[in-house]
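All remarks here apply to the structure that follows.
The values are calculated or read from the model by the stated rules, or taken from the named source; none is laboratory data. Since the model is a prediction, treat every value here as computed from it, not as a measurement. Neighbour counts are summed over all protein chains in view; Cβ atoms, including those assigned to glycine, are modelled from backbone coordinates with ideal geometry.
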Amino acid sequence: MASILVIDDEKSIRNTLKDVLEYEKYTVDVAEDGFRGLELFRERPYDVVLLDIKMPKMDGIEVLEKIMEEPEDTQVIMISGHGNIDTAVEAIKKGAFDFIEKPPDMNRLLITIRNALDKSSLITEARVLKKKISKQYEIVGESPAIKKVKELIDRVAPTEARVLITGANGTGKELVAHQLHEKSKRAACPFVEVNCAAIPSELIESELFGHEKGSFTSAYKQRKGKFEQAQGGTIFLDEVGDMSLSAQAKVLRALQENKITRVGSDKDIPVDVRIVAATNKDLMEEIQKNNFREDLYHRLSVIIIHVPSLNERLEDIPLLAKHFSDLICSEYGMPVKIFAEDAIEELKKINWTGNVREFRNVIERLIILCGNTITGEDVKAYAHPIFK
C-alpha cells in the first residue's frame, strides 16, 4: 500500500487529509511543520508528500528543495491557500509534481495522487529496466586485453571523438559501442544502431538519411532516417565496411557539415550526433580494393578500439561463465547453476571461432541440458551443436 506524508501547519487540514486518505487505504503520516516533516521523510521512504507552502519555521518551498536533494523517487504535491501562478510555477520548476489550492477538491486531490503514484511506478520500472539493459551490455573480464579496452572506453566516452571499433564477429563490438554511449554526455539521448550489412545497398541511404514521400516506388510517406532519430545521441554504424560507396559519400558529408539530406529532397537538415562505427573487415585492405573511402576511414578512426577474440583472453572464461549463467538462469526463472573447475578447464580447451557469441550459446545449452553443477564431462558431451 502506498504511503503518504502530509506536512501542514493547520491541524484541521492535517486531520481531514489523514481521514480521507486512510479511508482510501493509504498509509498516512502527518507533520505540523517542515522540520518535523523532513525528520519523518528521512526516517522512511514515502511515495507521495502533500506539502503546504506557508508554514512557520520553514516554508514549503524550502522543504521541497530539501526533499529534491534526496535520492528517493517521491512525488511532491504542493497545497496552499495563498497560492498564485508565480508560486505554482516556482514549485513545479523546483520539482513538485503538481500544485493544488486550498481548500482542496478531494476528488481532484485523489486523482492527482494516483497520477503521482503512476509516475513513481514508471520511474522505478524505467530504472529497473535500464539496470537490466546495462547488465546485458556489461563488458565482463579482467584479462589485460579486456582491461585495455575498458580503460580506453573510460577515457574516450566523455569526449566527442569518433570511434572505430574493430574485431572479429562475436567479440562484443556492440557492447563497446553501448558503453561509449552510456558513459558519454549523450547518455540521456537516443542510441540508434544500424547494421549496414543487413540492409540492401539500394535502401541504405533511405535507412540512414530518410526519404520524402514519392521519392521511390515504395515511399508511400515521408520517413525520418537513423541520423535524425539519433538527434542529440549516438548512431552506431555496425559493419560499416559493408556500406555502399554512395552511402559512404553521404556519411562523409554528414561528418564534415553536420547536415543530411533525405532521399528525394534538396533540403539540408542539421544533425547533432556522435558516430561510433564497427567492422570485422580490414578497412585498409578495403581501401586498396576501392571498396571503402580513405577520407571516410580517417574521419571515423579518430580513436580505434580493437576488441580481442575470446581465444586471446581465455583467463576471462570463469567470469564469463558465471555472468552468462546468472543472466540466462534469471531469464529462464531457474536457480543459478554452478560450473565445476574441470568444466572451466574443458571450456578453456575449446577453439572459440565464434568468440563470446558462441560461448554464450554453449553456456545456454549447458544450462538447459545439465544438472545444477555443470561438470567437465557435461562440457565434453554438449559443447558442440552436434552432441557426441
Quick check on this structure: which one of L327, L320 is part of a helix (DSSP H, G or I), modelled with pLDDT of 95 or more and not assigned by TED's automatic domain parsing to the domain that holds K150? L320
Would you check if T353 is more than 20 Å from C196 (Cα to Cα), surrounded by fewer than 14 Cβ atoms within 10 Å (Cβ to Cβ), touching a Gly at 6+ places or on another chain (Cβ under 9 Å) and not assigned by TED's automatic domain parsing to the domain that holds L245? yes
Which of the strands (runs of 3 or more DSSP E) contained wholly in region 202-302 include at least 1 residues that are exposed (fewer than 15 other Cβ atoms within 10 Å of the Cβ), over 28 Å from the mean Cα position of the chain (by Cα) and in the same structural domain as E160 (by TED's automatic domain parsing)? 268-270
What about K185, is it in contact with a Lys or Arg (Cβ under 8 Å, 6 or more places away or on another chain), assigned to a loop (DSSP other than H, G, I, E, B) and within 26 Å of P270 (Cβ to Cβ)? no
So A381 clears everything in (1) in contact with a helix residue (DSSP H, G or I) (Cβ under 9 Å, 6 or more places away or on another chain); (2) part of a helix (DSSP H, G or I); (3) at pLDDT 95 or above except one condition, right? Which one? (3)
So is A31 within 25 Å of A188 (Cβ to Cβ), of a type in the set (A, V, I, L, M, F, W, C) and not assigned by TED's automatic domain parsing to the domain that holds A188 or not? no
So which residues in region 303-344 are within 28 Å of the chain's Cα centre (by Cα) and exposed (fewer than 13 other Cβ atoms within 10 Å of the Cβ)? I304, S330, E331, Y332, G333, M334, P335
Criterion first (more than 23 Å from the chain's Cα centre (by Cα), under 22 Å from E315 (Cα atoms) and either at pLDDT below 85 or not in a loop (DSSP other than H, G, I, E, B) (or both)) does A168 satisfy it? no
Qualifying residue in region 361-383 (condition: in contact with a Ser or Thr (Cβ under 9 Å, 6 or more places away or on another chain) and surrounded by fewer than 17 Cβ atoms within 10 Å (Cβ to Cβ)): no
Here is a list: V240, V194. Which entry is under 30 Å from V149 (Cβ atoms) and out of contact with any Leu (no Cβ under 6 Å at 6 or more places or on another chain)? V240
Within region 340-356, track down each residue that is over 15 Å from Y382 (Cβ atoms) and either small (G, A, S) or in contact with a His (Cβ under 9 Å, 6 or more places away or on another chain) (or both). G354
